[in-house]
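**Q** Before I ask anything, here is the structure I am working with.
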């Protein structure tokens, strides 16, 4: 089954959760009984320019 892409921004608390029941950014969440944080740290990568061979500095 394919997942649909969300057009609305997601609540910051929901971004830190594994579950798929994401709420809108406008929703005020104080606590979520189903909240389960990621067991690992996720890096937000910047994909503007990817180097193929690391640092290619030409001198």
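The values are calculated or read from the model by the stated rules, or taken from the named source; none is laboratory data. Keep in mind the model is a prediction, meaning the values are calculated, not measured. Cβ: placed from backbone, ideal geometry, glycine included. Neighbour counts: every protein chain shown.
**Q** Would you mind stating whether residue 22 is within 12 Å of the chain's Cα centre (by Cα), modelled with pLDDT of 90 or more and part of a loop (DSSP other than H, G, I, E, B)?
**A** Taking the combined requirement at face value, the residue satisfies it.
**Q** Can you tell me how many residues within the stretch 33-59 are in contact with a strand residue (DSSP E or B) (Cβ under 7 Å, 6 or more places away or on another chain) and either at pLDDT below 70 or surrounded by 10 or more Cβ atoms within 10 Å (Cβ to Cβ) (or both)?
**A** Final tally of qualifying residues: 2.
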